[in-house]
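A.B. asks: Right, I'll just put the structure down here and ask away after.
Each value in this text was obtained by applying a stated rule to the coordinates, not by laboratory testing. A quick note: this is a predicted structure, and the numbers were derived from the prediction, not measured. Because the Cβ atoms are built from the backbone with ideal geometry, glycine has one as well, and the counts that use them run over all protein chains shown.
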Amino acid sequence: MSDPKTSETPVKRVLIKISGEALMGDQGFGLNPPTVEAIAGQVCDLLDTGAEVCLVIGGGNIFRGLQGSAQGMERTTADYMGMLATVMNALAMQSALEGNGVHSRVVSAIPMDQICEPYIRRRAVRHLEKKRVVIFAAGTGNPYFTTDTAATLRASEMSCQAIYKGTQVDGVYDSDPRTNSDAKRYETVSYDEVLQKNLGVMDASAIALARDNNLPIIVFSLNDPSGMAGVVNGKGKFTIVGGS
């Protein structure tokens, strides 16, 4: 797998993983329309480079299944509620993208025929080939799996070159740099090291699946001045997760 920092081959197809919390902006809950518009603008810039783009957006800004379960809700029910939150975020992003003239499709792992398409792999691939943004919603469609795992699964199924995980920090650290000024930043880190040191890049299932499919994970800040297009083309600051 090519290194995004050194490869001269243009990136053809990528999956962008965005947390639901990233859509809140300065709010403590829900969707902040200017923030959604700004992220949609970055996706548009990425499309202009010729890349085919998939998106997976978490639902933590609306509902997080693990928190619901911890407060006494039955885990399966809580996880399904979290999946529905991801559909809401996907529809918001679709609206923002299409407001910028970009064709997109929301593809749900849970059938909701009146508002989005069901997940059919060949159909999703065809959308990408037609330069439509495909927004995968409702996780894997199964409880006990996070949107990180869903992102890795869909990236593998779509034959993406890499997963780009947009966060609030500019890479992977051994602790939270927002609360620890001495946190160590990694330029590159292996899948096994992420698992052994519990670095919190993605959950263990997602990291293991990425490792098994030799799928790099690039962690970057959504506030990077280079934007998604710059990061995907090797500019800006980011951490590459890959290798043994």
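A.B. asks: Given the -39500 (n - 2.57) contribution per DSSP H run of 4+ residues, what per-residue ellipticity at 222 nm results for the chain, rounded to the nearest 500 deg cm²/dmol? Before the final figure, lay out each step's value.
C.D. replies: Details: 8 runs with 88 residues, N = 244.
Helix-only estimate at 222 nm: -11000 deg cm²/dmol.
A.B. asks: Under 13 Å from the Cβ of ALA150, count the other residues' Cβ atoms, weight Lys and Arg +1, Asp and Glu -1, and hand me the total.
C.D. replies: Details: positive: LYS17, ARG154, LYS165; negative: ASP79, ASP148, GLU157, ASP203.
Residues near ALA150 contribute -1 overall.
A.B. asks: Between ASN214 and ASN142, what is the label-point separation in nm under the 7 Å Cα-to-beta-carbon projection?
C.D. replies: With each label placed 7 Å out from Cα toward Cβ, I get 2.6 nm.
A.B. asks: State the dimensionless ratio Rg/Rh of segment 165-207 (Rg: radius of gyration of Cα atoms; Rh: Kirkwood radius). If you can, show how the numbers build up before the last one.
C.D. replies: On the way: Rg = 10.2 Å, Rh = 10.9 Å.
Over the Cα atoms of segment 165-207, Rg/Rh equals 0.94.
A.B. asks: What does a probe at ASP48 reach in segment 213-244, counting residues whose amide N is under 19 Å from the point 7 Å along Cα→Cβ?
C.D. replies: 222-236
A.B. asks: Moving on to the next point. To the nearest µm²/s, what D does Stokes-Einstein give for segment 123-244 at 20 °C and 1.002 mPa s, using the Kirkwood radius over alpha carbon pairs as Rh? Walk me through the numbers before you get to the answer.
C.D. replies: Details: Rh = 15.2 Å.
Once the numbers are plugged in, D ends up at 141 µm²/s.
A.B. asks: Let me ask something else about it. With N set to the number of residues, divide the alpha-carbon radius of gyration of segment 72-165 by 2.2 N^0.38 Å and report two decimals. Before the final figure, lay out each step's value.
C.D. replies: Values: Rg = 13.4 Å, N = 94, 2.2 N^0.38 = 12.4 Å.
After normalising by residue count via 2.2 N^0.38 Å, the value is 1.08.
A.B. asks: Within a 10 angstrom radius of the beta carbon, how do LYS12, LYS17 rank from fewest other beta carbons to most? Please list the in-between numbers first.
C.D. replies: Details: LYS12 12, LYS17 26.
Ranking LYS12, LYS17 by Cβ neighbours within 10 Å, fewest first, gives LYS12, LYS17.
A.B. asks: Also: In which sequence would PHE29, PHE63 go, from the one with the fewest C-beta neighbours within 10 Å to the one with the most?
C.D. replies: Values: PHE29 10, PHE63 19.
If I rank by nearby Cβ atoms, fewest first, I get PHE29, PHE63.
A.B. asks: Using a Gaussian network model of the chain with C-alpha springs under 10 Å, which one of GLY230, GLY58, GLY20 is most mobile by mean-square fluctuation?
C.D. replies: GLY230
A.B. asks: Tell me which of GLY30, ILE115, VAL231 sits at the most positive position along the dipole axis of the chain, charges placed on C-beta atoms (Lys, Arg +1; Asp, Glu -1).
C.D. replies: Among GLY30, ILE115, VAL231, the one farthest towards the positive end of the dipole of the chain is ILE115.
A.B. asks: For q = 0.21, 0.22 Å⁻¹, what log10 I(q)/I(0) does segment 1-114 give under the Debye formula with an equal point scatterer on each alpha carbon and no solvent?
C.D. replies: -1.14, -1.20
A.B. asks: Work out the charge dipole of segment 1-107 with +1 on the Cβ of Lys and Arg and -1 on the Cβ of Asp and Glu about the Cα centre, then indicate which of MET81, ILE16, LEU47 is farthest towards its positive end.
C.D. replies: Positive-end residue among those listed: MET81.
A.B. asks: State, to one decimal in nm, how far the label point of ARG75 lies from the label point of ASP26, with both points 7 Å from Cα in the Cβ direction.
C.D. replies: Between ARG75 and ASP26, the simple spin-label model gives 4.0 nm.
A.B. asks: Please give the FRET efficiency for ARG123 paired with SER95, using the beta carbon to beta carbon distance and R0 = 25 Å, rounded to the nearest 0.05. Show your work: numbers first, answer last.
C.D. replies: Details: r = 21 Å, r/R0 = 0.85.
So the FRET efficiency works out to roughly 0.75.
A.B. asks: OK, next. Work out how much length LYS237 to LYS130 would gain on full extension: take 0.36 nm times their residue separation and subtract the Cα-Cα distance, in nm to one decimal.
C.D. replies: Values: separation 107, 0.36 × 107 = 38.52 nm, distance 3.04 nm.
Using 0.36 nm per residue and subtracting the Cα-Cα distance, I get 35.5 nm.
A.B. asks: Of the cross-linked pairs LYS17/LYS237; LYS12/LYS131; LYS131/LYS165; LYS12/LYS165, which ones have a Cα-Cα span greater than 19 Å in the structure shown?
C.D. replies: On the way: LYS17/LYS237 17 Å; LYS12/LYS131 11 Å; LYS131/LYS165 21 Å; LYS12/LYS165 17 Å.
Pairs exceeding 19 Å: LYS131/LYS165.
A.B. asks: Place a +1 charge on the Cβ of each Lys and Arg in the chain and a -1 charge on the Cβ of each Asp and Glu, then give the dipole magnitude about the Cα centre in debye, rounded to the nearest 20. Could you put the intermediate results ahead of the total?
C.D. replies: Values: 23 positive and 26 negative charges, 114 e Å.
The calculated dipole for the chain is roughly 540 debye.
A.B. asks: For the chain, what percent of Cα pairs sit more than 22 Å apart? Could you put the intermediate results ahead of the total?
C.D. replies: Details: 15021 of 29646 pairs.
Cα-Cα pairs of the chain separated by over 22 Å account for 51 percent.
A.B. asks: Give me PHE220, PHE145 sorted ascending by neighbouring Cβ count inside 10 Å, so fewest comes first.
C.D. replies: On the way: PHE220 25, PHE145 19.
Lowest to highest Cβ neighbour count: PHE145, PHE220.
A.B. asks: Under a plain spin-label model, where a point goes 7 Å from the Cα along Cα-to-Cβ, how far apart in nm are GLU187 and ASP203?
C.D. replies: 3.3 nm
A.B. asks: Below 8 Å between Cα atoms, with a sequence gap of 6+, how large is the relative contact order for the chain in percent? List each step's numbers first, then the result.
C.D. replies: Numbers: 492 pairs, mean separation 53.2, N = 244.
The value is 22 percent.
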